[in-house]
Structures are given as structure tokens and as C-alpha cells.
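Chemist: Okay, handing you the structure first.
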Amino acid sequence: MSEQLTIAMPKGRIFDEAAELLRQAGYRLPDAFDDSRKLIVEAPEANMKFFLAKPTDVPTYVEHGVADIGVAGKDVMLEDERDVYEVLDLNISACYLAVASLPGQTPSTIAPKVASKYPKTAAKYFKEQGEQVEVIKLNGSIELAPLVGLADRIVDIVSTGGTLRENGLVETEEVVHITSRLIVNPVSYRVKDEAIEEMVERLASVVEGDAE
Ligand code: PRP
């Protein structure tokens, strides 16, 4: 049997979707993982162990080598440079980063304020547009910022668009399309090359098959 692979990924929907991709790729994972609050989940028949982390922390576990592999959103990968290999677009959890504001909002100040969970990505985007803005970092509920006057605009994830609608905000620009990526620790890639290459190949054929 090949070496055990440790895989960090977010809990919830991304874990379920990634586990389903692994099953389709021929890995023997349980039909359903129990719904407990366990943070380490074993799949002994596939010789895998999953660490369930916050989405933004997944690359940290992989970069430090405690997880060989991770499933991380492109949003997280764009925000911080990481010493990991991004090897495959898993094409799951599709969404996009967008600029949004209250309807008819005309930025009144010289440097309008933009709130985001992704301050570096937001700053880079507006710089590329030739716009000077002040970026305010928030950790969640970004849509609140323009409603209460903390910011003129936001840069945030849009999935169904429901949160924007519910809060009376309108999307003005799409920044970048986002999907989940398979990332690998560079040392693990050398030491466990056989098991990792096999996983990447098997997942790639499932993802390509799905795309057809
Ligand atoms: C994300 C994102 C938006 C919302 C978009 O927030 O930041 O707020 O989901 O989804 P929708 O377009 O389907 O409404 P999340 O639920 O992760 O919580 P957060 O606001 O605490 O970041």
C-alpha cells in the first residue's frame, strides 16, 4: 500500500464536494463521513487523513508540511503568496470576487473606501484600474460596511448573489472567477511523489471528464 496522504481542507460543502471527487477518482472513502465536529477524519481504506480547517488556513497547514495536500480557494491563493504548488483546478465551489455598492453610489471622497476580506487582492485590482482607494480589512459580513457608512464599496465573494440582494447592494464589476484548487507541499511532492502524482492524475481525469 502506498504512503498515507494527509489532506487539509475546509469543512462543510467543500469537504463534501472534494470527497465526492476522490470517490469518483476511485479512492475508497466512506459513503458519508459522520457529521460530528471532529477536526481530523480518517479514511483508512484510502490511506488518507483529512484535517478540517478554516478555508484561509488551509495553505498554512500545507506550507508547513503537516498536510501533504490541501484544497484551497483561488481567492485565498491570490491573497497571499505561499510556498506551495498549485497543481490542479478542481472546478468545485465556483464563485467570483466582485465589486459592489449601494445603487447610485458615487464615491464622494478623493480616495473612496473599499472594505474587503481580501485587502491585497482588492488593492491590486483598483491599482490596475488606475483608481486610488483606501482599503479597509474586515473578516466577514463585508456587506454591512456600505450599509453603515464604513466603506463606499466592497470587494467580496458572490456565489448565488443572495447576500447582495438581501442587503440592497448591486454588483458593479467582476474581479476574478474563483474555484477550489489542489495544492501540494513541495517536500511532500518529492518524498511521496508516487502517491501524489497518482492522485493528481486520477483527479485530473475526473475533473476533465466532468468538464466534457
Ligand atoms: C460569503 C461571502 C458573501 C456570501 C456570498 O460569506 O463573503 O458574504 O458568502 O454568497 P451568496 O452570493 O450566495 O449570498 P460567508 O457566508 O462565507 O460568511 P462571511 O460573511 O462571514 O465571510
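The values are calculated or read from the model by the stated rules, or taken from the named source; none is laboratory data. A quick note: this is a predicted structure, and the numbers were derived from the prediction, not measured. Reconstructed Cβ throughout: ideal geometry from the backbone, glycine too, with neighbour counts over all protein chains shown. Surface areas here come from the heavy atoms of the whole protein model, side chains and all, with no ligands, DNA or RNA. Shrake-Rupley method; radii C 1.70, N 1.55, O 1.52, S 1.80 Å.
Chemist: What helices (runs of 4 or more DSSP H) completely inside the stretch 117-208 contain at least 2 residues that are within 16 Å of the ligand (Cβ to nearest atom) and crowded, with 16+ Cβ neighbours inside 10 Å?
Modeler: Values: elements: 119-128, 144-147, 162-166, 186-191.
In the stretch 117-208, 119-128, 144-147, 162-166 are the helices (runs of 4 or more DSSP H) which contain 2 or more residues that are within 16 Å of the ligand (Cβ to nearest atom) and crowded, with 16+ Cβ neighbours inside 10 Å.
Chemist: Go through (1) closer than 26 Å to residue 137 by Cβ; (2) open to solvent by less than 40 Å² (accessible area, probe 1.4 Å); (3) touching a Ser or Thr at 6+ places or on another chain (Cβ under 9 Å) and name the single condition residue 59 misses.
Modeler: It is condition (3) that residue 59 fails.
Chemist: Scan the stretch 101-116 for residues that are assigned to a loop (DSSP other than H, G, I, E, B) and surrounded by 21 or more Cβ atoms within 10 Å (Cβ to Cβ) and jot them down.
Modeler: Here is the first cut: in the stretch 101-116, the residues assigned to a loop (DSSP other than H, G, I, E, B) are 102-112.
Hits for the stretch 101-116: nothing passes.
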